[in-house]
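Working notes for the structure below.
The values are calculated or read from the model by the stated rules, or taken from the named source; none is laboratory data. It should be emphasised that the depicted structure is a prediction, and the values quoted were computed from it without experimental measurement. Glycine also receives a Cβ, built like all others from the backbone with ideal geometry; neighbour counts cover every protein chain displayed. Side chains included, ligands, DNA and RNA excluded: accessible areas come from the protein's heavy atoms. Shrake-Rupley method; radii C 1.70, N 1.55, O 1.52, S 1.80 Å.
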Amino acid sequence: MSSLGKSKHQTTLYDSPEPIGPLASRLRPRDLSEFVGQKHLLGDGKVLKQMIDKDMVSSMIFWGPPGVGKTTLARIIAGRTKAEFINFSAVTSGIKEIKEVMNRADSMSIMGDKTILFIDEIHRFNKAQQDAFLPFVEKGSIVLIGATTENPSFEVNSALLSRCKVLVLNALAQQDLFELLKQAIKDPRAFDNKKINITDEMLNVVAGFANGDARIALSTLEMLVLNGDDGGTSARGGKKGITISNELLEQCISKKSLLYDKGGEEHYNIISALHKSMRNSDVDASIYWLSRMLEAGETPLYVARRVVRFASEDIGMADSRALQIAVAAYQACHFIGMPECAVHLAHAVTYMALAPKSNALYIAYEEAAEDARTMLAEPVPMQIRNAPTRLMNELGYGKGYEYAHDTKDKLTTMQCMPDTLKDRKYYKPTNQGQEAKVRERMDQIETWKKERG
């Protein structure tokens, strides 16, 4: 235990003797040294670690997917703080219970004692319940720590949210979960020091299947061990241990050949297959490769990001709505998660496959980027430079600038490219979809400028 001492309520809330219950509960980290992931918050010099180490915790909200350590962090804070630590349930607590606790905390603050109130699933509290906390957070009677899987911008009252620091906890990386599982099979709290015969490859499969959720990873490992083959005693009298077979692994995770290493070759082969199927306007193949990834445990947000990229790289101005659909699908995946968000990705993938195709924007940027890399010193034309000071104005900055809105056609013949690039054409629109209209508009502008050039 830290030298900061125990909280008044810790003995009943957090310091029961040896943990019991599921493996995830038995192996719950007892301090930051056992905690996996969230290095952006808990690495050396990071804000949350400093607050915990210095016992200077302020009101905050932990926002992240299930199984990433929100409640565990609250428990670790409970073990390091001098404050009274109260665990509140958003499901079972009403306004009456809230006010009773708040009034007690208020009285304690007058005596100089601090109260930390932890609320799991704070998004389940209604507006009236959240409002009951507000005056006590405002005057510092309590330090509020909320945990939520939902976007606090939508689920927490703006007044309460403005007084809390939102800390985003990320889904755990597959490597993090692999290390967690490796530790678990060696930890005496897990399986009473029994020898567990399981390969690293199997542990990697379980880590990938868990999709960033430590609880799922540990629960799956526990299921494997409980159903593994207890080899009994060897000829020399030693324990053979519990052996996990590939068949048992397949049964426990309901995945067979679909499973693949998200960092390996098959991962890139299948995302390539999806991309090229959409590019080829093959709806059925696109949906199939999408399902192959999702059913194998691929992170839906990874797929959604690839679809967003596709919307501009392979469709672009031929159908600008494709980008809106792709971004909406990403947001839906973020809000809902698997398995419900699979249909949103199917929606987006189908739209991408059916949309008219153009890579004109992609080519335009690549050509412009090549010029930018090789011609970094090209000066900005004087007429489009900013002239915020008198000296710049005297030097001719902005001289000759033509304000398009002051003209009848909202166009001017003013040169905006550097002299060495003034005739360069990067974007060459196709005749696909809406890009045909874009091409027509660009031709009109070019004709207008030539007639007045």
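Data table
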quantity	calculated
Point-charge dipole on Cβ atoms (K/R +1, D/E -1) for the stretch 87-176, about Cα centre, debye to 20	260 debye
Degrees between helix 342-354 axis and first principal axis of the chain (Cα, 0 to 90, nearest 10)	20 degrees
Per-selection metrics, the chain (Cα): Rg and Dmax in Å	29.5, 98
Accessible-area ranking of Thr115, Thr199, Thr350, largest first, probe 1.4 Å	Thr199, Thr350, Thr115
Computed E for Tyr365/Lys186 - FRET, C-beta separation, R0 45 angstrom, nearest 0.05	0.35
Accessible surface of Asp53 - all protein chains present, 1.4 Å probe, nearest 10 Å²	60 Å²
Percent of Cα pairs exceeding the 13 Å cut-off, where the set is the stretch 332-376	68 percent
Mean separation of Cα contacts under 8 Å (6+ apart) over length of the stretch 289-436, as relative contact order %	26 percent
Which of Lys425, Lys408, Lys357 is most accessible, then next, and so on - probe 1.4 Å	Lys408, Lys425, Lys357
Counting all C-alpha pairs of the stretch 362-453, share separated by more than 19 Å (%)	57 percent
With DNA, RNA and ligands ignored, accessible area of Glu155 (1.4 Å probe; Å², nearest 10)	70 Å²
Centre separation in Å (Cα based) which lies between the stretch 432-450 and the stretch 34-61	55 Å
For the stretch 393-439, Kirkwood radius (reciprocal of mean inverse C-alpha pair distance, Å)	13.8 Å
Residue pairs, from the table Lys399/Lys437; Lys49/Lys194; Lys70/Lys114; Lys46/Lys82, whose Cα atoms sit over 30 Å apart	Lys399/Lys437; Lys49/Lys194
Highest average packing first - 215-225, 54-64, Cβ atoms within 10 Å	215-225, 54-64
Surface share of carbon and sulfur [accessible, 1.4 angstrom probe, percent] for the chain	52 percent
Unit charges on C-beta of K, R, D, E only; dipole of the chain, Debye	860 debye
The stretch 24-108: radius of gyration over Cα atoms, expressed as a fraction of 2.2 N^0.38 Å	1.22
Two-decimal ratio, the stretch 244-376, of alpha-carbon radius of gyration to 2.2 N^0.38 Å	1.21
Charge dipole of the stretch 71-171 about the Cα centre (unit charges at C-beta), most positive-ward option of Ile110, Leu161, Ile95	Ile110
Accessible area of the stretch 277-386 divided out per residue, in Å², using a probe of 1.4 angstrom	50 Å²
Angle between the chain longest axis and helix 200-210 axis [Cα atoms, degrees, rounded to 10]	70 degrees
Angle in degrees between helix 70-80 and the longest Cα principal axis of the chain, rounded to the nearest 10	60 degrees
Antiparallel DSSP beta bridges within the chain, percent to nearest 5	10 percent
Per residue accessible area in Å² of the stretch 94-164, where ligands, DNA and RNA are left out and the probe is 1.4 Å	47 Å²
Straight-distance crosslink candidates among aspartates and glutamates, where the alpha carbon sits under 17 Å from Lys428 and sequence neighbours closer than 8 are dropped	Glu313, Asp314, Asp319, Glu366, Glu367, Glu370, Asp371, Glu440, Asp443, Glu446
Cysteines (scope the chain) whose Cβ has no counterpart Cys Cβ under 4.7 Å	Cys164, Cys252, Cys416
With eigenvalues of the C-alpha gyration tensor scaled by 5 and rooted, the stretch 145-213, Å	37, 14, 8
³J(HN,Hα) computed for each position of the stretch 37-50 - Karplus, 6.51 cos²θ - 1.76 cosθ + 1.60, integer Hz, glycine/proline x	x, 6, 5, 5, 10, 10, x, 4, x, 7, 4, 5, 4, 5
Accessible-area value, Cys416, 1.4 Å probe, nucleic acids and ligands omitted, Å²	80 Å²
Charge dipole (the chain, unit charges on Cβ, about Cα centre) - positive-most of Ile336, Val303, Met278	Ile336
